[in-house]
Amino acid sequence: MRKFGLIGYPLGHSWSKDYWTEFFQQEQLKDHDYLHFELPTIDYLPEILRENKDLVGLNVTIPYKVSVLEYCDMLSPAAEAIGAVNTLWRTDEGLIGYNTDASGFQKSIRPFLQPKHEHALVFGTGGSALAIAYILKNIGINVHFVSRMPLGQGKLAYKDINAAVLNSCKLIVNCTPLGMAPNSDRFPDIPYHLITPEHLVVDLIYNPVKTLFLQKAEEQGATILNGKDMLHFQAQSSWNCWNGEEVFWK
(Lines give C-alpha, C1' and ligand atoms only; values in the text may rest on other atoms or scores of the structure.)
Protein backbone atom coordinates (compact mmCIF):
# COMPACT_ATOMS: atom_id res chain seq x y z
CA MET A 1 0.00 0.00 0.00
CA ARG A 2 1.23 3.50 -0.92
CA LYS A 3 -0.33 6.08 1.39
CA PHE A 4 -0.60 9.82 0.87
CA GLY A 5 -2.39 12.46 2.88
CA LEU A 6 -3.13 16.00 3.93
CA ILE A 7 -2.07 17.70 7.16
CA GLY A 8 -3.67 20.87 8.47
CA TYR A 9 -6.29 22.15 10.89
CA PRO A 10 -9.20 22.14 10.39
CA LEU A 11 -9.79 19.97 7.31
CA GLY A 12 -13.58 19.88 7.03
CA HIS A 13 -13.47 22.25 4.02
CA SER A 14 -10.97 20.22 1.99
CA TRP A 15 -11.82 18.34 -1.20
CA SER A 16 -8.38 16.72 -1.33
CA LYS A 17 -9.45 13.23 -0.26
CA ASP A 18 -12.25 13.18 -2.86
CA TYR A 19 -9.89 14.46 -5.55
CA TRP A 20 -7.21 11.86 -4.89
CA THR A 21 -9.62 8.98 -4.37
CA GLU A 22 -11.13 9.69 -7.78
CA PHE A 23 -7.67 10.04 -9.32
CA PHE A 24 -6.52 6.68 -7.93
CA GLN A 25 -9.69 5.02 -9.23
CA GLN A 26 -9.26 6.51 -12.70
CA GLU A 27 -5.64 5.37 -12.83
CA GLN A 28 -6.59 1.93 -11.41
CA LEU A 29 -4.14 2.36 -8.54
CA LYS A 30 -5.85 -0.01 -6.12
CA ASP A 31 -2.90 -0.08 -3.74
CA HIS A 32 -3.01 3.70 -3.20
CA ASP A 33 -4.86 5.57 -0.46
CA TYR A 34 -5.23 9.20 0.64
CA LEU A 35 -5.96 10.18 4.25
CA HIS A 36 -6.71 13.35 6.17
CA PHE A 37 -4.56 14.01 9.24
CA GLU A 38 -6.14 16.83 11.24
CA LEU A 39 -3.30 17.95 13.52
CA PRO A 40 -3.95 20.29 16.48
CA THR A 41 -0.30 21.37 16.17
CA ILE A 42 2.48 20.65 13.67
CA ASP A 43 4.33 18.91 16.51
CA TYR A 44 2.25 15.80 15.76
CA LEU A 45 3.89 15.33 12.34
CA PRO A 46 6.71 13.02 13.56
CA GLU A 47 4.10 10.81 15.23
CA ILE A 48 2.11 10.59 11.99
CA LEU A 49 5.26 9.54 10.15
CA ARG A 50 6.17 6.93 12.78
CA GLU A 51 2.69 5.39 12.79
CA ASN A 52 2.39 5.31 8.99
CA LYS A 53 5.51 3.61 7.66
CA ASP A 54 3.95 3.31 4.18
CA LEU A 55 3.24 7.05 3.94
CA VAL A 56 4.93 8.31 0.76
CA GLY A 57 3.92 11.95 0.68
CA LEU A 58 1.79 14.68 2.21
CA ASN A 59 0.08 17.85 1.16
CA VAL A 60 0.23 20.69 3.69
CA THR A 61 -2.51 23.25 4.21
CA ILE A 62 -3.49 25.99 6.67
CA PRO A 63 -1.94 26.75 9.12
CA TYR A 64 1.26 24.73 8.72
CA LYS A 65 2.83 25.78 5.40
CA VAL A 66 5.50 27.80 7.18
CA SER A 67 5.92 25.92 10.47
CA VAL A 68 6.46 22.62 8.61
CA LEU A 69 9.79 23.95 7.32
CA GLU A 70 11.58 22.87 10.50
CA TYR A 71 10.74 19.23 9.74
CA CYS A 72 12.14 19.29 6.19
CA ASP A 73 15.57 17.82 5.49
CA MET A 74 15.77 19.44 2.05
CA LEU A 75 13.87 22.17 0.20
CA SER A 76 13.30 22.79 -3.48
CA PRO A 77 14.69 26.15 -4.65
CA ALA A 78 11.15 27.60 -4.91
CA ALA A 79 10.16 26.42 -1.43
CA GLU A 80 13.34 27.88 0.02
CA ALA A 81 12.85 31.21 -1.77
CA ILE A 82 9.18 31.43 -0.78
CA GLY A 83 9.65 30.29 2.80
CA ALA A 84 6.66 27.94 2.69
CA VAL A 85 5.95 24.31 1.82
CA ASN A 86 2.72 22.66 0.70
CA THR A 87 4.06 19.27 -0.46
CA LEU A 88 6.26 16.77 1.38
CA TRP A 89 7.95 13.77 -0.22
CA ARG A 90 9.28 11.11 2.15
CA THR A 91 12.56 9.63 0.95
CA ASP A 92 15.32 7.50 2.43
CA GLU A 93 17.26 10.73 2.95
CA GLY A 94 14.40 12.42 4.80
CA LEU A 95 11.56 14.81 3.98
CA ILE A 96 11.85 16.98 0.89
CA GLY A 97 9.68 20.10 0.93
CA TYR A 98 8.23 21.58 -2.26
CA ASN A 99 5.95 24.49 -3.03
CA THR A 100 3.55 23.49 -5.79
CA ASP A 101 1.16 26.32 -4.83
CA ALA A 102 3.43 28.66 -6.76
CA SER A 103 3.38 26.79 -10.06
CA GLY A 104 -0.32 25.94 -9.61
CA PHE A 105 -1.23 29.59 -9.15
CA GLN A 106 0.86 30.71 -12.11
CA LYS A 107 -0.81 28.20 -14.43
CA SER A 108 -4.30 29.10 -13.23
CA ILE A 109 -3.95 32.89 -13.49
CA ARG A 110 -1.84 33.10 -16.65
CA PRO A 111 -4.80 33.26 -19.11
CA PHE A 112 -6.38 36.16 -17.19
CA LEU A 113 -3.42 38.52 -16.81
CA GLN A 114 -3.29 41.73 -18.85
CA PRO A 115 -0.85 44.68 -19.03
CA LYS A 116 -3.12 46.69 -16.70
CA HIS A 117 -2.34 44.24 -13.87
CA GLU A 118 0.82 46.07 -12.82
CA HIS A 119 0.00 46.18 -9.11
CA ALA A 120 -1.67 43.56 -6.90
CA LEU A 121 -3.25 43.51 -3.48
CA VAL A 122 -2.54 40.21 -1.72
CA PHE A 123 -4.74 39.57 1.30
CA GLY A 124 -2.94 37.64 4.05
CA THR A 125 0.66 36.99 5.01
CA GLY A 126 0.68 33.20 5.50
CA GLY A 127 2.24 30.46 3.39
CA SER A 128 -0.22 30.77 0.51
CA ALA A 129 0.25 34.55 0.33
CA LEU A 130 4.03 34.11 0.22
CA ALA A 131 3.75 31.69 -2.72
CA ILE A 132 1.39 33.99 -4.64
CA ALA A 133 3.59 37.03 -4.01
CA TYR A 134 6.64 35.07 -5.22
CA ILE A 135 4.97 34.31 -8.55
CA LEU A 136 3.56 37.80 -9.07
CA LYS A 137 6.93 39.43 -8.38
CA ASN A 138 8.65 37.00 -10.74
CA ILE A 139 6.37 38.05 -13.59
CA GLY A 140 6.86 41.73 -12.87
CA ILE A 141 3.77 42.60 -10.82
CA ASN A 142 4.24 44.83 -7.77
CA VAL A 143 2.76 43.23 -4.64
CA HIS A 144 1.14 45.03 -1.71
CA PHE A 145 0.31 42.80 1.25
CA VAL A 146 -2.91 43.51 3.16
CA SER A 147 -3.57 42.17 6.66
CA ARG A 148 -5.33 42.99 9.90
CA MET A 149 -2.10 43.99 11.60
CA PRO A 150 0.34 45.11 8.90
CA LEU A 151 4.00 45.22 9.89
CA GLY A 152 6.70 46.70 7.70
CA GLN A 153 6.96 49.05 4.78
CA GLY A 154 4.60 48.50 1.87
CA LYS A 155 2.05 46.56 3.90
CA LEU A 156 -1.52 47.82 4.21
CA ALA A 157 -4.42 47.35 6.59
CA TYR A 158 -7.87 46.63 5.17
CA LYS A 159 -8.97 50.09 6.28
CA ASP A 160 -6.26 51.59 4.05
CA ILE A 161 -7.92 50.30 0.88
CA ASN A 162 -9.54 53.29 -0.79
CA ALA A 163 -10.32 54.58 -4.29
CA ALA A 164 -6.70 55.51 -4.99
CA VAL A 165 -5.41 52.08 -3.95
CA LEU A 166 -8.01 50.20 -6.00
CA ASN A 167 -7.48 52.46 -8.98
CA SER A 168 -3.80 51.49 -8.94
CA CYS A 169 -4.21 47.82 -8.03
CA LYS A 170 -6.32 46.09 -10.67
CA LEU A 171 -5.47 42.60 -9.35
CA ILE A 172 -6.75 41.43 -5.96
CA VAL A 173 -5.95 38.00 -4.51
CA ASN A 174 -7.48 36.66 -1.30
CA CYS A 175 -5.09 34.22 0.39
CA THR A 176 -6.91 34.17 3.73
CA PRO A 177 -9.49 31.56 4.90
CA LEU A 178 -12.20 34.25 5.15
CA GLY A 179 -15.31 32.82 3.51
CA MET A 180 -14.14 29.21 3.49
CA ALA A 181 -16.73 26.56 4.37
CA PRO A 182 -18.27 26.14 6.88
CA ASN A 183 -17.85 29.88 7.60
CA SER A 184 -19.04 30.92 4.15
CA ASP A 185 -20.84 34.02 5.47
CA ARG A 186 -17.52 35.84 6.02
CA PHE A 187 -15.57 38.05 3.61
CA PRO A 188 -12.71 40.57 3.65
CA ASP A 189 -13.85 44.02 4.79
CA ILE A 190 -13.07 46.25 1.82
CA PRO A 191 -15.06 48.90 -0.14
CA TYR A 192 -16.51 46.61 -2.80
CA HIS A 193 -18.38 49.50 -4.43
CA LEU A 194 -15.01 50.81 -5.64
CA ILE A 195 -14.21 47.61 -7.55
CA THR A 196 -14.72 47.98 -11.32
CA PRO A 197 -14.89 45.85 -14.48
CA GLU A 198 -11.16 46.63 -14.83
CA HIS A 199 -10.37 44.40 -11.84
CA LEU A 200 -9.36 40.76 -11.76
CA VAL A 201 -10.38 39.33 -8.37
CA VAL A 202 -9.04 35.95 -7.27
CA ASP A 203 -9.92 33.83 -4.25
CA LEU A 204 -7.74 30.81 -3.45
CA ILE A 205 -10.76 29.27 -1.71
CA TYR A 206 -12.59 26.63 -3.77
CA ASN A 207 -15.21 25.58 -1.21
CA PRO A 208 -17.64 27.24 -1.69
CA VAL A 209 -17.08 27.59 -5.41
CA LYS A 210 -18.08 31.25 -5.31
CA THR A 211 -17.35 32.96 -1.99
CA LEU A 212 -19.11 36.13 -0.90
CA PHE A 213 -15.85 37.92 -1.70
CA LEU A 214 -16.14 36.80 -5.33
CA GLN A 215 -19.87 37.42 -5.47
CA LYS A 216 -19.46 41.01 -4.30
CA ALA A 217 -16.68 41.62 -6.82
CA GLU A 218 -18.69 40.06 -9.63
CA GLU A 219 -21.63 42.35 -8.84
CA GLN A 220 -19.32 45.26 -9.66
CA GLY A 221 -18.44 43.74 -13.04
CA ALA A 222 -15.02 42.36 -12.07
CA THR A 223 -13.55 39.23 -13.62
CA ILE A 224 -13.41 36.55 -10.92
CA LEU A 225 -11.44 33.35 -10.43
CA ASN A 226 -11.62 30.79 -7.62
CA GLY A 227 -8.98 28.34 -6.42
CA LYS A 228 -10.26 25.17 -8.10
CA ASP A 229 -7.89 25.24 -11.08
CA MET A 230 -4.97 26.10 -8.83
CA LEU A 231 -5.88 23.10 -6.64
CA HIS A 232 -5.80 20.76 -9.63
CA PHE A 233 -2.55 22.15 -11.05
CA GLN A 234 -0.71 22.00 -7.72
CA ALA A 235 -2.03 18.47 -7.13
CA GLN A 236 -0.59 17.35 -10.47
CA SER A 237 2.78 18.77 -9.46
CA SER A 238 2.52 17.08 -6.05
CA TRP A 239 2.01 13.74 -7.79
CA ASN A 240 5.17 14.31 -9.81
CA CYS A 241 7.07 15.15 -6.62
CA TRP A 242 5.90 11.97 -4.89
CA ASN A 243 7.05 9.87 -7.83
CA GLY A 244 10.45 11.52 -8.14
CA GLU A 245 9.51 13.10 -11.47
CA GLU A 246 9.34 16.77 -10.47
CA VAL A 247 12.28 18.89 -11.51
CA PHE A 248 12.93 21.42 -8.75
CA TRP A 249 10.66 24.21 -9.92
CA LYS A 250 12.21 27.70 -9.98
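Values as computed for the structure displayed
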| quantity | calculated |
| --- | --- |
| Pairs, first of a type in the set (Asp, Glu) in segment 26-51, second assigned to a strand (DSSP E or B) and modelled with pLDDT of 95 or more, C-beta under 9 Å, six or more apart | ASP31/ARG2; ASP33/ARG2; ASP33/LYS3; ASP33/PHE4; ASP33/GLY5; GLU38/LEU6; GLU38/ILE7; GLU38/GLY8 |
| Hey, PRO63 touching a residue at least 60 places away in the same chain (Cβ under 8 Å), of a type outside the set (A, V, I, L, M, F, W, C) and over 27 Å from THR211 (Cβ atoms) or not | no |
| Of all residues making up segment 88-115, the number that are in a loop (DSSP other than H, G, I, E, B) and either on the phi > 0 side of the Ramachandran plot or of a type in the set (Val, Ile, Thr) (or both) | 0 |
| Leading residue by the ranking (surrounded by the fewest Cβ atoms within 10 Å (Cβ to Cβ)) among those in segment 1-51 that are touching a Pro at 6+ places or on another chain (Cβ under 8 Å) and not in a loop (DSSP other than H, G, I, E, B) | GLU38 |
| Within segment 183-220, considering residues that are outside any loop (DSSP other than H, G, I, E, B) and without any contact (Cβ under 8 Å) to a residue 24 or more places away in the chain, the one nearest to GLN234 (Cα to Cα) | LEU214 |
| Test result for ILE62, touching a strand residue (DSSP E or B) at 6+ places or on another chain (Cβ under 8 Å) and modelled with pLDDT under 95 | yes |
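The values are calculated or read from the model by the stated rules, or taken from the named source; none is laboratory data. Since we're looking at a predicted model, the values are computed, not measured. Virtual Cβ from ideal backbone geometry, glycine too; neighbours counted across all protein chains shown.
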